[in-house]
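So the structure is just underneath, and the comments pick up after that.
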Amino acid sequence: MQQSNSSDDDRGTLMGAPGEKLADALYASIRDEVIFGTDVGAGERIYPKGLSERFNVSPTPVREALMRLAAEGYIESIPRRGFRIRKPSSQQVRDLWEVRLGLEVNAGELAIMRMKAGEIVADVVKPLLQIVEQADSDWERLSGRQQIELNTKFHSRIVELSGNAMLQSIYQSIQLQYVSSRVRHGVDSWRERREIEIREHRAIVAALADRDEDAYRIAAKSHVLRSLNDALNDVTAL
């Protein structure tokens, strides 16, 4: 597995905060490559020895990180053959987006209820609008990775506004960022859809700001279902 979009100085540099355990930093670094590695194709083998040499660590923590990634569904463990990245199937995409729809609609409804009850102020939607403005103004300079990160930040913020810790935990576990990246691997169709996505995000923000649950449900459902259709097109494009 090769590291993508990195300079020679970046190769072998572990991600993570100061003082973080080696196992956690190694896990985060390899996961980042799996999610965003433009040089990593679906079904491509992952070689623990190469990772061990590049990160200058022993094979044991590398294998532990790979086993953890396999257990979480990021990669596939093949008996006696090692590990590989598996492209999401159309059914997996459909299942994930359907779960996502329920979680995001519920999260927005809860956020609006909290605003109406005075638990959070209406200004909490301003960071959402800032994300939309950044995506709109910088779109020509954005890489596919940056666009996915902004989109993930937008939707995760709505989930956070729900105030429901369990809902947030479940949302984080569905690996939306990973699947979005792997589905779009090798395709640049997101640029063609940017105007409609910006428009849909603005409608979601407006409904939240107006504390209009009906408008939010309509906007969120329309956005996620349109996104599902595009994801299914992308996953079959290669």
Item to check | Shape of the stretch 90-149, Cα gyration tensor, a/c cut at 1.5 | outcome: oblate
Next on the checklist: With every protein chain left in place and a probe of 1.4 Å, what is the accessible surface of Trp139, to the nearest 10 Å²?
Outcome noted: 60 Å²
Item to check | Label zone at Glu119, where the point sits 7 Å out along the Cα-to-Cβ direction: the stretch 194-238 residues whose backbone N lies under 17 Å | outcome: 208-209, 211-213
Checklist entry - By a straight-distance test (C-alpha under 20 Å), which lysines pair with Lys126 as possible cross-link partners, with residues fewer than eight away in the same chain excluded? => result Lys116, Lys153
Item to check | Charge dipole (debye, nearest 20) of the stretch 35-131; +1 at Cβ of Lys and Arg, -1 at Cβ of Asp and Glu | outcome: 480 debye
Next on the checklist: Taking 0.36 nm per residue of sequence separation and subtracting the Cα-Cα distance, how much length would be gained by fully extending the chain between Asp95 and Tyr47, in nm to one decimal?
Outcome noted: 14.3 nm
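The values are calculated or read from the model by the stated rules, or taken from the named source; none is laboratory data. Here the structure is a predicted model, which is why all the values come from computation and not from measurement. FYI the Cβ positions are ideal-geometry reconstructions off the backbone, even for glycines, and counts take in every protein chain you see. Accessible surface is based on the protein model in full, side chains and every heavy atom, while ligands, DNA and RNA are left aside. Shrake-Rupley method; radii C 1.70, N 1.55, O 1.52, S 1.80 Å.
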